[in-house]
Every structure is written in structure tokens, then in C-alpha cells.
Amino acid sequence: MANYIFGYGSLMNSASRQLTGQTSTAITATVEGFKRYWGKVDESYILSPLVVDKGHGHVNGVLLKVTGNGLQEFDVRERGYHRVLIEADKVESSLALTPQDQVWVYIKDKPEPPCSLSPIMQTYVDTVLAGCLEISEQFAKQFIEQTIGWHFPLENDRHQPKYGNLAGVKKEHHNKIDALVAEARA
């Protein structure tokens, strides 16, 4: 039996997830029966990160093999969310999952929308989209299409980052990320 985390936000970025713990190589996947939103988690967050909730939809992301201890480390990182099992038949991936394998996802029931006090932070968007671009530009476009709430307040904090797990973002990413976000917000 193996444990996997389905990462759909900053965990898609290899440099960001390494801030928490070692994981296996990321394997792209799409899960059915969930929707991804920009939304508030709890009062300990100064920004509105990505959240998923059960619903009609598809969400792209990555599968990360983790140990039991690794799972506990990610439970700490993903405070404010709760971890639930994804049914194996809801996971589409090149990875051959066995019936004993467990795929976990961190969700937020009934997410609240971002607001000016808890906006979407550009450095969080940068981290997530840099992770998507590690995979491909098409994967990044799919992420944009499958994420609800691009119209909510977005604060550009690139000069004074407020997102604590900013990682893996290079200046040469900014133009591509800005173009993707502009398309999403149009």
C-alpha cells in the first residue's frame, strides 16, 4: 500500500513542496468530483489560497508519494484544510494505482471568497503557476480554466512577498505568468 497526496496548488511546485518534506517525483493527474476555487481558509492566513471542495468538475494537479511521517508533515502545512480520500476510480493518471493505494486531497468545505482583507497574492499565484509550467504551458492553461474566482481581488506583492512558501519562481517566469493571469481575469 502506498500513500499519495493530490496536490492542486503550491504542491505542484517542486521547490515549494520541498520546503515541507521530501516527496517522490510528481506525476500529473486529474481528479473528478471536485472544484478548485480561490478562497479563504481561516483567520491564520493573510491571503486567499486555492481550495477544493467536492462538486461536479475536474481538477488537474500532481500525485506525490509520501510516507506516513511525510503525510503528517503535510497535514501541518495544510492547516485549516482537512484531508479526505479520493476514490481510485476518480483519479486519471499514468500512474497505475492499486486498490490498496490511498490518494489523499486537502479540501475546504464551503470555501469563502477572497476579499480585500484576504486577497489572492501574486507571489502565491507565481508559485503555483511556476509549478504548472514545470509540467507544461498546456497544463498551466488547464489549471487556469479549472480554477474559479479569478475576478476576486489580487494584490501584487512581488516586491515585498507576503506568501511564506514562495519558491521556484524566476524573473523570466513573470511575463508568462502575467499573460496567463491576464487571460484568466479578462
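For segment 165-186, filtered to residues that are over 22 Å from Val59 (Cα atoms) and loosely packed, with under 12 Cβ neighbours inside 10 Å, the residue that is modelled with the highest pLDDT is Asn175. One residue is enough: does segment 112-134 have a residue meeting the conditions touching a residue at least 40 places away in the same chain (Cβ under 8 Å), among the small types (Gly, Ala, Ser) and outside any helix (DSSP H, G or I)? Within segment 112-134, one or more residues are touching a residue at least 40 places away in the same chain (Cβ under 8 Å), among the small types (Gly, Ala, Ser) and outside any helix (DSSP H, G or I). Among residues of segment 16-52 being among the charged types (D, E, K, R) and surrounded by fewer than 16 Cβ atoms within 10 Å (Cβ to Cβ), the one that is modelled with the highest pLDDT is Glu32.
Just one of (1) closer than 30 Å to Gln160 by Cβ; (2) touching a strand residue (DSSP E or B) at 6+ places or on another chain (Cβ under 6 Å); (3) not acidic (Asp, Glu) fails for Val103. It is (1). Of the candidates Val105, Val125, Val181, the single residue that is among the β-branched types (Val, Ile, Thr) and over 29 Å from Glu73 (Cβ atoms) is Val181.
Just checking, how many residues over segment 148-163 are open to solvent by less than 90 Å² (accessible area, probe 1.4 Å) and not hydrophobic (A, V, I, L, M, F, W, C)? Residues meeting the conditions: 7. Starting from residues that are touching a Leu at 6+ places or on another chain (Cβ under 9 Å) and of a type in the set (Gly, Ala, Ser), keep the ones in segment 36-69 and report whichever is nearest to Asn3 (Cα to Cα). Looking at the filtered set, the residue picked out is Gly61.
Residue by residue, here is whether (1) within 16 Å of the chain's Cα centre (by Cα); (2) farther than 22 Å from Val31 by Cβ holds:
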site: Pro49; (1), (2): yes, no
site: Gly80; (1), (2): yes, no
site: Glu87; (1), (2): no, no
site: Glu92; (1), (2): no, no
site: Val103; (1), (2): yes, no
site: Cys115; (1), (2): no, yes
site: Ser118; (1), (2): no, yes
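For the residues Thr67, Thr98, Thr30, the requirement of being in contact (Cβ under 8 Å) with a residue 40 or more places away in the chain and closer than 15 Å to Leu11 by Cα singles out Thr30. No other residue among Phe143, Phe74 is aromatic (Phe, Trp, Tyr), at pLDDT below 95 and not in a loop (DSSP other than H, G, I, E, B) apart from Phe74.
Within this structure, Lys54 fails the test of being in contact (Cβ under 8 Å) with a residue 24 or more places away in the chain, part of a strand (DSSP E or B) and farther than 27 Å from Pro153 by Cα. Across segment 100-122, the qualifying residues are those that are within 23 Å of Gly57 (Cα to Cα) and surrounded by fewer than 16 Cβ atoms within 10 Å (Cβ to Cβ), and the one among them that is modelled with the lowest pLDDT is Lys110. Identify, by number, the condition in (1) in contact (Cβ under 8 Å) with a residue 40 or more places away in the chain; (2) within 29 Å of Lys90 (Cα to Cα) that Lys162 doesn't meet. Result: Lys162 passes all but (2).
The values are calculated or read from the model by the stated rules, or taken from the named source; none is laboratory data. Source: prediction; values computed, not measured. Cβ coordinates were reconstructed from backbone atoms using ideal geometry, including for glycine residues, and neighbour counts include every protein chain displayed. Only protein heavy atoms, including side chains, enter the accessible area calculation; ligands, DNA and RNA are left aside. Shrake-Rupley method; radii C 1.70, N 1.55, O 1.52, S 1.80 Å.
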